[in-house]
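See below for the structure under consideration.
Please treat every number below as a calculation from the coordinates, not as lab data. Note that the coordinates shown come from a computational prediction; the quantities given were computed from them, not determined experimentally. Cβ sites come from the backbone with ideal geometry, for glycine too, and all protein chains shown count toward neighbours.
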Amino acid sequence: MAANQVPDTAAAAVPRIRVEDAHKRFGDVVALRGVSLEVQAGEVVLVIGPSGSGKSTMLRSVNRLETLTSGRIWVDRQEVTGRHTDIRLIREEVGMVFQAFNLFPHLTAAQNLVLAPSIVKHETKDRTQARAEQLLARVGLSDKADAYPEQLSGGQQQRVAIARALAMSPKVMLFDEPTSALDPEMIKEVLDVMLDLAKEGMTMMVVSHEMGFARAAADRVIFMDEGEIVETGPPSQIFESPTHERTKRFLEHIL
Amino acid sequence: MAAVDGRRGIEVSDGALIPARDDKAGFSAWRISFFGAIGLLIALPLISPKPFWDILRFIPDGVLRTFQVTVFSIVFALIIGLFTGLARISRIMVLNRIATVYVEVVRGIPLLVQLYYIYYALGNFVQVPRLTAAIIAMSICYGAYLGEIFRAGIQAIPKGQMEAALALGMSRTQALSRVILPQTFRIILPPVGNEFIALLKDSSLVSILAVADLLRRGREYAARTFEYFEAYTIVALVYLVLTLFFSKLVAIMEERLGSHHRSG
Ligand SMILES: Nc1ncnc2c1ncn2[C@@H]1O[C@H](COP(=O)(O)OP(=O)(O)O)[C@@H](O)[C@H]1O
Ligand SMILES: [Mg+2]
């Protein structure tokens, strides 16, 4: 907690996310083999790579949905991988958006937004309710506050899921293929919300192959393959003049 | 006892009394049985009041006792079942083992034997009323079956639900009580309803402990008058009406809860 009292100038020197030599095995499968990276406050980092290259595992390690086999991760000054860390305190500050939305089906859109702030942060009902309304308006779903997830389209569900994560007022947002499960005509409405978020200065790590979003919002692109970061750079450089053969082959594949 | 069927719900192979929603044949079979049984219960005493009206007046105490055993047992069994189910998915090995052994042991012993056993085993230490012993035995037995239903129900909730809850900063306990269990209750309602009906029927076994339930009252009447056939006809019809009534109730509740939003 003391770390939060450090003045902004000093805090800016600490990356929002720091991953140091992350290794992860699932039995015989090696998902991460020595990944290191930093994400600065306000940066939008796009992670691309073939299926099974460890993108999800890397992202999920940041809020410890996966525990690393070895290596260390920090969010600001708090160590995610620390043995005595209360991971819940870090998770409050790290929002996550899943490919499958994972909205709570027994709750309305507004209730989905209210639940965590009220039981995790013990915020008052008035406050959580007001914030829920404000966030639903922000993702363009004011009229769906009382709708249950099954009454919403995929695009609407994902926008509620983003609002739900924002309801905790996180410092960082992680997106794991947020548009992969969507019908093409709904992708834009979700990307627009993400684009707004990026413009407002949210620190974001996004696993996605949406090139439009990458060019419009990403400060940096990371290309992963077989559990390693092969190459990283600004979108224009990665997409137009990749230096590695593996990156070239992958981009030819998806473009 | 219960097998999980994707994320939609749970399929139960035995005691399929609950009519499926669009099973028109099942529905009409239910109607025929239910109204047939009620019709007979009205007609028989009218046609020959001598034994049948007397029998009908003799057994209401028994119906009450049967309800008492059933309702108390299902409530306690649900509580035991919830904790057994949670223990079965627990990461705490000791809890997990205790729950698994409990389920295996209980499922391996016939209910009738358990009833005798618990009654006489308890009798070694404390003098418990027969009714209490019967309810304890039924709760322990059904708690194991319900534990399996709870376990299957919890495991039927997609993994992403727990992950989303944890990612929002909830503790595992919060995630279970606010996200997982509310969804579990919906999907286990049909199999729990089936267990309730099975328990209602199995409660007739408590008559061997001389608990004066519906079956026992029928036998008491018959023992006095030797009208065994007539007495058991009424007993059987009353059980049938009760189980069919509750199966319909469960089907209606299932339909109401089937969808997450209140339609209409
Ligand atoms: N829970 C798991 N159990 C076993 N293997 C897993 C698990 N999660 C991921 N893996 C494996 O780890 C590798 C990396 O997976 P993942 O991080 O999901 O890749 P990506 O998101 O880039 O497609 C894959 O080979 C995958 O099969
Ligand atoms: Mg993935």
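Assorted remarks:
- Taking a Cβ cut-off of under 14 Å around B:GLU104, the surrounding Lys, Arg, Asp and Glu residues balance to a net charge of +3, with basic ones at +1 and acidic ones at -1.
- Helix B:24-47 axis, angle to chain B major axis (alpha carbon atoms, nearest 10°): 30 degrees
- Kirkwood Rh in Å, taken over chain B so that all alpha-carbon pairs contribute: 20.4 Å
- For the stretch A:59-124, applying the loop criterion from DSSP together with a ceiling of 14 other beta carbons within 10 Å to the chymotrypsin sites (Phe, Trp or Tyr not before Pro) yields no site.
- Among the listed pairs A:LYS188/B:LYS159; B:LYS50/B:LYS201; A:LYS144/A:LYS188; A:LYS55/B:LYS159; A:LYS24/A:LYS55, those beyond 21 Å (Cα-Cα): A:LYS188/B:LYS159; B:LYS50/B:LYS201
- Highest-MSF residue in chain A out of A:GLU20, A:GLU93, A:GLU240 [GNM, Cα springs under 10 Å]: A:GLU240
- Net charge of neighbours whose Cβ lies under 14 Å from the Cβ of B:ALA37, counting Lys and Arg as +1 and Asp and Glu as -1: +2
- Among A:PRO105, A:LEU115, A:LEU141 - extreme Cα towards positive end, dipole of the stretch A:105-172, charges at beta-carbon: A:LEU115
- Bridge type composition, the protein assembly as shown - antiparallel percent by DSSP, nearest 5: 60 percent
- Beta bridges assigned by DSSP with both partners in the stretch A:152-231 are antiparallel in approximately 40 percent of cases.
- When you filter the GluC sites (Glu not before Pro) in the stretch A:123-230 for DSSP loop state and at most 16 other Cβ atoms inside 10 Å of their Cβ, you are left with A:GLU200, A:GLU226.
- Sites listed here are chymotrypsin sites (Phe, Trp or Tyr not before Pro) in the stretch A:181-255 whose DSSP assignment is loop and whose Cβ has at most 11 other Cβ atoms within 10 Å, and the list is empty.
- Every helix of 4 or more DSSP H residues in the protein assembly as shown counts as -39500 (n - 2.57), and over all residues that averages to -18500 deg cm²/dmol at 222 nm.
- Rg in Å to one decimal, and Dmax rounded to a whole Å, for the stretch A:1-133 via C-alpha atoms: 16.9, 50
- Within chain B, longest stretch clear of exposed trypsin sites (Lys or Arg not before Pro) (DSSP loop, no more than 12 other Cβ within 10 Å): B:92-261
- Computed log₁₀ I(q)/I(0) - Debye formula, equal Cα scatterers, no solvent, the stretch B:143-211, q 0.13, 0.23, 0.25, 0.28 Å⁻¹: -0.49, -0.95, -1.04, -1.16
- Cα-Cα pairs of the stretch B:32-166 separated by more than 19 Å (percent): 66 percent
- For the protein assembly as shown, the share of alpha carbon pairs falling in successive 10 Å distance bins from zero is 4, 15, 21, 19, 14, 11, 8, 5, 2, 0, 0 percent.
- Degrees, to the nearest 10: A:154-166 long Cα axis against longest axis of chain A: 90 degrees
- Helix A:245-254 and the longest principal axis of the C-alpha atoms of chain A enclose an angle of approximately 40°.
- Share, in percent, of DSSP beta bridges within chain A that are antiparallel, nearest 5: 55 percent
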